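Readers should treat all values here as calculations from the given coordinates under stated rules, not as data from a laboratory. This is a predicted model, so every value here is computed, not measured. Here the Cβ is made from the backbone with ideal geometry for all residues, glycine too, and neighbour counts use every protein chain on show.
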Amino acid sequence: MLAYIIRRLGYAIPILLGVNLLTFALFFVVNTPDQMARVQLGDKHVSEEAIEQWKAQRGYDKPLMFNTEAGGLGLVTDTIFYEKSLSLFAFDFGKSDEGRNIGSDIQQRMWPSLMVALPTFIIGIAVNIAFSLFVVMFRASVFDTAAMVLCVVLMSISGVFYVIGGQFFFAKLWHLVPISGYLTGPDAIRFLILPVIIGVISGIGGGTRLYRTLFLEESGKDYVRTARAKGVPELTVLFRHILPNGLIPILTSVVVVIPSLFMGSLLVESFFGIPGLGSYTLDAIQAQDFAIVRSMVFLGSVLYILGLLLTDISYTLVDPRVRLS
Amino acid sequence: MSTLLQVQNLSVSVGQHCLVDDISFHIDAGEVFALVGESGSGKSVTSLAIMRLLSDGLHIASGDVHLVGQSLFTLTEAQMNGVRGRRIAMVFQEPQSSLNPVHTIGRQIGEVLTLHRKRSGAELKQDIIALLEEVGIPDAEQRASWYPHQLSGGQKQRVMIAMALACEPELLIADEPTTALDVTIQKQILNLLNELRKKRQLGILLITHDMGVVAEMADRIAVMRHGQLLEQAPRDVFFSSPKHEYSRQLIHSLPRQDAFRKAIAQEETPLLEMNNVCVWFAQRKGILQRIAGYTKAVDGISLTIGHGETLALVGESGSGKSTAGRAILRLIPTTYGEVLFNGLRIDQLDESEFIDLRKRIQVIFQDPFSSMNPRMTVREIIEEGMISLNVGGNDGKWNKSEREQEIRRILQRVGLEAEHLDRFPHEFSGGQRQRIAIARAIAVKPQLIICDEPTSALDVSIRGQVLQLLQELQQEMGLSYLFITHDLSIIPHIAHRVAVMKDGKIVEQGSTQAVMQNPQHEYTQQLLSAVPMIPEHV
Amino acid sequence: MTFPRFSDFSMFQPMLLWSDILIFILLFSLIAFFINLSRNPVARARWRHVFTTRIGSGAFIVIVFYVLIALLDSLHFRTALPPVEGSDGAISQEADGTVHYSQDVRSVLDIILHDLDSQDEKTYSAPFALYSFAKENQESDAGYVIRAFPRLEHGGKHIVRDEEHVLDIWVKTARAIGLTILPCLLVIFLHSAWRRRKPPVEHPLPWTVIYTTLTILVLLCGWVLNLSQYYHILGTDKVGQDVLYQSIKAIRTGVLIGTLATLVTLPLAVVLGIAAGYFKGKIDDVVQYIYTTLNSIPGILLIAASVLLIDVYIETNPEQFKLISERADFKFIALCFILGVTSWTGLCRLLRAETLKLSQLEYVQAAHAFGVGDWRIIFRHILPNVNHIILIALVLDFSAFVLAEAVLSYIGVGVDPSMASWGNMINEARAELARDPVVWWSVSAAFILMFVLVLAANLFSDRVRDAFDPRSVHGRV
């Protein structure tokens, strides 16, 4: 088990290196610091000095990959690649283009993100599983057909409309909850209810449909017939035999996103004004602050790879047939 | 003896189509009643109808089933659940998939006991262990907490039987209980069933297609075809004087075990020679994935096949017999040893040099459903090899119409019509598909055909026809066969010589008659004694 | 005196945007694909199965309707500018013989929707409104300056008294429907009469649904074209442009983003997925590495970053994009490309797994034994048997991309703001919904048009999956 985890973490290194190189290429080679400076400074006819100054302030005035002027280790360390990209491996995110400390921003803003994303995730899965089991219970009936039609309809609505509709009806029309904003402490709940509900509802269509397929697939298997032949009542068959087997693919497929919950949701957070990492990223995108975007890309990749590892481990926990090797 | 189960005029249909057509039979307490038929005859549907476990879409059109006088079709679903598992229990064909993979076997057996007997706690545990011991699971106390995947196929079937017998049912429905098992395991399971029925006065409805199993187990026999019951008779009557033509055909489908093909005189260089051939697969372990050891699928086998000769390579699943066949075809690389064809070493040729030999060595696979591309017509299937291997007449090259003519000739030779050329594989039955596969192989005019279990996916009545065709072709074209099989009963009929494989090694080799009548190796003896035999008939 | 020669093409300059070229290439390859497919009886039977379901053919007609609008909107041209003073009204008679064309790129669809396009108001107005949504200083009859809702310049200008308004809408609606339904019924009658003369087929197409869907669509078109002469059916937006026109123009964006992005994913996923699954070993390692790496980057961030880079490129190279529409088009194609590049991994994984499975199958082994080469095996044995996976993924991706466009445009990394798109319309909705009273029509229009397209695509992909997925009941042959 330990050997396996170590090996998997070993695999993560080339992947993260790849992510790092790709983002480096995107942010510094395709798009040179000069161009960045021009866009940031806004004016098309900025002076060379202003650009140089802007670059120097942010450490973008160094050579990209090899510093031929610096001696010794400086050949590689005194470069943009080393300082801006490789440093990410040490979770040293540096400063944003506006001079804020990205690392402490992330630490501060990941909690509101988690406050929205975690309940949405857990309630969402619970609701989807409950609905799909309910549908499977009445499989091949009118209810099943109607539920599936409803699922397709729900799936065909863009997530943006769920947010707009939710805000419009719950907050603006019926004044049940505040439209947007965030408070720390227990008051947060008032602000969290709507985003969580909307997050859950927007996932119901796709989730219920997928889980129903998984459960139906299980219910056609031989061991289910064995259970019925034993005289096990239908409801017990569903909960004791089909559910645990159907949960295996469901749980292991959702585990991968758990670490990424920290990153929050761009859409929900920005619509509801929640000061999490999602809106942080969105603001950075809109302000074209590449330092933040770069950091978030790297953080996202790390969390995804962590998720992959968790997925493998979760398999061994929920499926007795799987042993790590 | 009292009547245990009475099936009256049972019909099952799907939509307008009738799967089971007005059948009636009865089973007495303590007797084994065998329902015999080939695939699609409706025998499994009958058993599921008795249990009221038909899948969606199938419905009981008419008839009734009585268990000791009680009509099963008038019970409520809850009452029926009291019958299932307690009074009628069931064992299925595939032990691999019939157990719930996420529950321990102890829990799965315990489920029936808690359900019908309200057992719990220490008493439950005792019962589970006692049951496991009764069906011959060693170290039962510990194994009770094992998961199904930790057990072998035979052990899983034992667990299924333990589960079925937990509540001491009056009737056991065994639906092809040994079909998925190796012959030695089959023997053990059949013995176990026999023992248990004597001990418990158990009525058994045995559903099978295997006449050997029927001969060994059944008290009375019923033959089913196309949803209809053709005939019912006690065993001895059935085998000595079958009434229906189809029954006779089934009985005769098993080749006689007393006529052997004589070994034929051989030239000096055999057609194919394998010397100490090994196929090993690396096992990797640890952080750095070093090669920690090898799985020795084929571990140093040596054999020869002469011109016009059939060598049967016999073994149980996992013995490495198919791997050996694929190694000759170079679908899998060999690790050690040498393969010679006509005295020429072929295992070290590269693919472009080997292409010439692909014309000489061909293959027929087991499953006629997966051995043909479903998106290609019969013509394309047969033509593909002829084109890619440049097969032609004397001048080596055929034009399109010559090739077309040849394809038609071959197709007719294997017993199909020219009008079949533009059809797709799914439009044919299993036996017809296997004929297409044979046509595909002989179209490139090979000298050696590796037949990898070519008949084991076929119904018994079709099996004989396909074997007959293979023999005729051998005589006409001077073909040699490497006949890979697990089915010992067909060997006398087809093979000149036999090699028996176990765990990647050949344990015994010799003329068919010598091996079958006077086996030297312990394993061969075990195999042969496990084969269910039909009593001497007509 | 010379007359302007209307037959002369110099009146219009046909103009091909890059996205136009791509969409027509795609159209032709699709047609070729279907012709090719119809030769294979198995595939034909399965397609027939898709279309014999009511939902299948209904959804297909709706999709085709959208695609047709998108195609009409992809035939672009520029009109010639009126000649400069003194050149005597002749277009091709200028001294140096050159004609100047408008900066405004228009499409065939714009001609059809001329009424919608040309009647801009000053600002917001509600659907069918006679008055503007915003008060303005007006001089009353008595000469006072009062703040009131001004009459619209174009919307309902034929209405003299306000009381006629509602009645007028109903009358015009009835007339429009009456005019269009008659030819519809006639065509249906003739067609079904012709159909009855032919021998009945075993699985007939669901003609009732086909007729109904077509009739509804035709009626809708008739009604819209008719009433849009008099009213703004879906109101106007902030700068007074007709919302209906905007949302119809957005169809092209939606349909194109769905198809072009899929066009990018397809070759990547198919080539890499099949190569990895078939050749295994090192190639598999490399492909797996590439898609794990790409997958590990949060998709939306990668897209956002790439789009930002495109923006920077456009800003630093303004000389390459003379027209606004050229710039928007470049950004649009880049967006499709980026969307495609970031979302091929899912299909690639599926194809890799399926190819691994297929290459173990006996018919592939048999092909090896017959000395069939690797490429031939891939093209004859692997590709035809993974077709259904590609097809299902293709239709599913289409709706995913349409939905993604809305989110991306909302975030500000979608299509160019100058291009009509549902995402841009939604983007504006935030401010509009905060107004009091609420401006609801813009976002509703985007919602409905988008919902219908995505729903049709989803329903259609369901039928396709039913018919083609071997695991589903109908897929078995």
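With N as its number of residues, the range C:353-449 has a Cα radius of gyration that, divided by 2.2 N^0.38 Å, comes to 1.89.
Within the range B:72-163, the trypsin sites (Lys or Arg not before Pro) that combine a DSSP coil assignment with at most 14 other C-beta atoms in a 10 angstrom radius are B:Lys118.
Based on the Cβ-Cβ distance of B:Asn390 and B:Gln468, what FRET efficiency does E = 1/(1 + (r/R0)^6) give at R0 = 30 Å, to the nearest 0.05?
Working: r = 31 Å, r/R0 = 1.05.
For B:Asn390 and B:Gln468, the calculated efficiency is 0.45.
Taking amide H atoms as placed 1.01 Å from N in the peptide plane, the amide H of B:Asp299 lies under 5 Å from those of B:Val279, B:Lys505, each 5 or more residues away in sequence or on another chain.
Can you check what the net charge comes to around B:Leu206, using other residues whose Cβ is under 12 Å from the Cβ of B:Leu206 (Lys, Arg +1; Asp, Glu -1)?
Details: positive: B:Lys43, B:Arg197, B:Arg220, B:Arg235; negative: B:Glu31, B:Asp175, B:Glu176, B:Asp210, B:Glu216, B:Asp219.
The answer is -2.
Give me the percent of DSSP beta bridges within the protein assembly as shown that run antiparallel, rounded to the nearest 5.
Details: 65 of 102 bridges.
Antiparallel bridges make up about 65 percent of those DSSP assigns within the protein assembly as shown.
Within straight-line reach of B:Lys118, meaning a Cα separation under 20 Å, sit the following aspartates and glutamates at least 8 residues removed in sequence or on another chain: A:Glu234, B:Glu77, B:Asp127, B:Glu168, B:Glu170.
Determine the gain in length on full extension of the stretch B:Arg200-B:Glu141; use 0.36 nm per residue of separation and subtract their C-alpha separation, reporting nm with one decimal.
18.9 nm
Taking the DSSP beta bridges with both ends in chain B, the antiparallel portion is around 55 percent. Spin-label model, C:Ile324 to A:Ile6: label points 7 Å out along the Cα-to-beta-carbon direction sit 6.4 nm apart.
Could you give the dipole magnitude of the range A:100-316 about its Cα centre, charging the beta-carbon of Lys and Arg +1 and that of Asp and Glu -1, in debye to the nearest 20?
Details: 13 positive and 11 negative charges, 86 e Å.
So the magnitude is around 420 debye.
For the pair C:Leu219 and C:Ile177 in one chain, pulling the backbone fully straight at 0.36 nm per residue adds 14.5 nm over the alpha carbon distance. Among the GluC sites (Glu not before Pro) in the range B:441-538, those located in a DSSP loop and surrounded by at most 13 other Cβ atoms within 10 Å of their own Cβ are B:Glu536. Listed values for the range A:220-225 are Karplus-derived 3J(HN,Hα) couplings in whole Hz (6.51 cos²θ - 1.76 cosθ + 1.60, θ = phi - 60°), namely x, 7, 4, 5, 5, 5, and x replaces Gly and Pro.
Using a Förster radius of 41 Å, what is the FRET efficiency between B:Ser529 and A:Ser253 based on their Cβ-Cβ separation? Nearest 0.05, please. Write out the running numbers ahead of the final one.
Numbers: r = 50 Å, r/R0 = 1.22.
It comes to 0.25.
So what is the orientation-averaged projected area of the protein assembly as shown, using the convex hull of its C-alpha atoms, in nm²? Don't skip to the answer; put the middle values down first.
On the way: hull surface 273.9 nm².
Mean shadow area of the hull around the Cα atoms is 68.5 nm².
What the phi angles of the range B:3-19 give under the Karplus curve with 6.51, -1.76 and 1.60, with θ = phi - 60°, is a coupling list of 6, 8, 10, 10, 9, 10, 6, 6, 10, 10, 9, 10, x, 8, 8, 8, 8 Hz, glycine and proline written as x. Modelled label positions at A:Glu49 and B:Leu331, each set 7 Å beyond Cα in the direction of Cβ, lie 7.9 nm from each other. Considering only A:Phe134, A:Gln57, A:Ala284, the residue lying farthest towards the positive end of the dipole of chain A is A:Phe134, judged by Cα position with unit charges set on Cβ. Phi angles across the range A:177-189 convert, under the Karplus curve 6.51 cos²θ - 1.76 cosθ + 1.60 with θ = phi - 60°, into 3J(HN,Hα) values of 9, x, 5, 7, x, 7, 10, 8, x, x, 4, 4, 3 Hz, Gly and Pro given as x. Using only alpha-carbon positions in chain B, the gyration tensor eigenvalues give semi-axes of 45, 29, 22 Å once each is multiplied by 5 and square-rooted (largest first). Within the shell defined by Cβ-Cβ distances under 12 Å, the residues around B:Gly293 carry a net charge of +4, with Lys and Arg each +1 and Asp and Glu each -1. Pairs from the list B:Lys359/C:Lys280; C:Lys135/C:Lys157; B:Lys262/B:Lys502 with a Cα-Cα gap above 21 Å: B:Lys359/C:Lys280; B:Lys262/B:Lys502.
Are there GluC sites (Glu not before Pro) in the range B:268-375 that DSSP puts in a loop and that have at most 14 other Cβ atoms within 10 Å, and which ones?
Details: sites: B:Glu268, B:Glu273, B:Glu309, B:Glu316, B:Glu338, B:Glu351, B:Glu353; in loops: B:Glu268, B:Glu309, B:Glu316.
In loop regions of the range B:268-375 (DSSP not H, G, I, E or B), the sparsely surrounded GluC sites (Glu not before Pro) are B:Glu268.
The residues neighbouring C:Tyr131, those whose beta-carbon lies less than 12 Å from its own, together hold a net charge of 0 under the Lys/Arg +1, Asp/Glu -1 convention.
The tail of the calculated P(r) for the range A:100-316, taken as Cα-Cα distances beyond 33 Å, holds 27 percent of the pairs.
Based on the Cβ-Cβ distance from B:Ser352 to C:Ala32, what FRET efficiency comes out when R0 is 35 Å, to the nearest 0.05?
Values: r = 35 Å, r/R0 = 1.00.
Calculated transfer efficiency: 0.50.
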